[in-house]
1. How many residues are in a loop (DSSP other than H, G, I, E, B) and either over 17 Å from D116 (Cβ atoms) or of a type in the set (K, R) (or both) when one looks only at region 27-36?
2. Would region 135-147 turn up any residue that is without any contact (Cβ under 8 Å) to a residue 24 or more places away in the chain and touching a Ser or Thr at 6+ places or on another chain (Cβ under 9 Å)?
3. For Y97, work out the one condition from (1) modelled with pLDDT of 95 or more; (2) under 10 Å from the mean Cα position of the chain (by Cα); (3) among the aromatic types (F, W, Y) it doesn't fulfil.
4. Which residues, taken from region 109-131, are farther than 17 Å from G43 by Cβ, touching a Pro at 6+ places or on another chain (Cβ under 9 Å) and part of a strand (DSSP E or B)?
5. Residues that are within 21 Å of L149 (Cβ to Cβ) and polar (S, T, N, Q): which strands (runs of 3 or more DSSP E) entirely in region 37-106 hold 2 or more of them?
6. Can K76 be described as closer than 25 Å to C34 by Cα and either touching a residue at least 60 places away in the same chain (Cβ under 8 Å) or touching a Gly at 6+ places or on another chain (Cβ under 7 Å) (or both)?
7. Within region 148-165, can you find the residues that are in contact with a strand residue (DSSP E or B) (Cβ under 7 Å, 6 or more places away or on another chain) and touching a residue at least 24 places away in the same chain (Cβ under 8 Å)?
Amino acid sequence: MDAAAPRGLAWPAPGMRASGGRGTAMTYLGECFCGAVRLEATGDPAAMGYCHCRSCRSWSGGPVNAFSLWPPESIKITAGAEHVATFQKTPLSERKYCIKCGGHLMANHPPLGLVDVFAATLPGLDFKPAVHVNYAETVLPMKDGLPKLKDFPTEFGGSGEAIPE
């Protein structure tokens with residue numbers, strides 16, 4: 001991180017930095033609520049969207065969770081790894097959080113081979129959702145023209161069934 005920039009900010013915009021020369025991948029910077037844990041996500045997410053399942057709603061404390069899914073090798077904890085704890089309610093999700101402030105960081109999804117870094121954790125990420133998953137469980141209907149899947153895409157073991165807004 002640029003020593004002249006305030007914590008969490010870097011060129012070329014808040015929460016981002018170039019990870020190399022022209023045409024190289026961007027690195028997005030994030031941190032927990034208190035700043036004790038910092039992370040980087042490099043490249044482009046594999047997918048972005050909204051999850052409406054009860055577990056994500058409960059964990060996020062909101063009616064929907066905005067996700068960005070990344071290959072595990074794209075995510076790196078750069079500071080405060082000793083403050084990261086894991087809660088695993090089901091085999092699908094290993095939820096990571098800061099033990100100092102309780103701030104949620106990410107969820108490793110071993111069966112999917114992807115890591116969900118919560119969109120709010122990466123303030124520099126240009127969040128462009130493409131899908132709603134687990135929409136059959138929604139408590140906040142959203143009419144945004146995006147596909148609404150009953151559960152998960154077939155590639156992730158779901159039915160892939162679309163349901164109306």
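The values are calculated or read from the model by the stated rules, or taken from the named source; none is laboratory data. Bear in mind the structure is a predicted one, so any value in this text is a computation, not a measurement. With ideal geometry, Cβ positions are generated from the backbone for all residues, glycine too; neighbour counts draw on all protein chains shown.
1. 4
2. Taking every residue of region 135-147 in turn, none turns out to be without any contact (Cβ under 8 Å) to a residue 24 or more places away in the chain and touching a Ser or Thr at 6+ places or on another chain (Cβ under 9 Å).
3. Y97 satisfies all of (1) modelled with pLDDT of 95 or more; (2) under 10 Å from the mean Cα position of the chain (by Cα); (3) among the aromatic types (F, W, Y) except (2).
4. V131
5. Ranges flagged: 65-70.
6. When the stated conditions are applied, K76 does not pass them.
7. Residues satisfying the conditions are G158, I163, E165.
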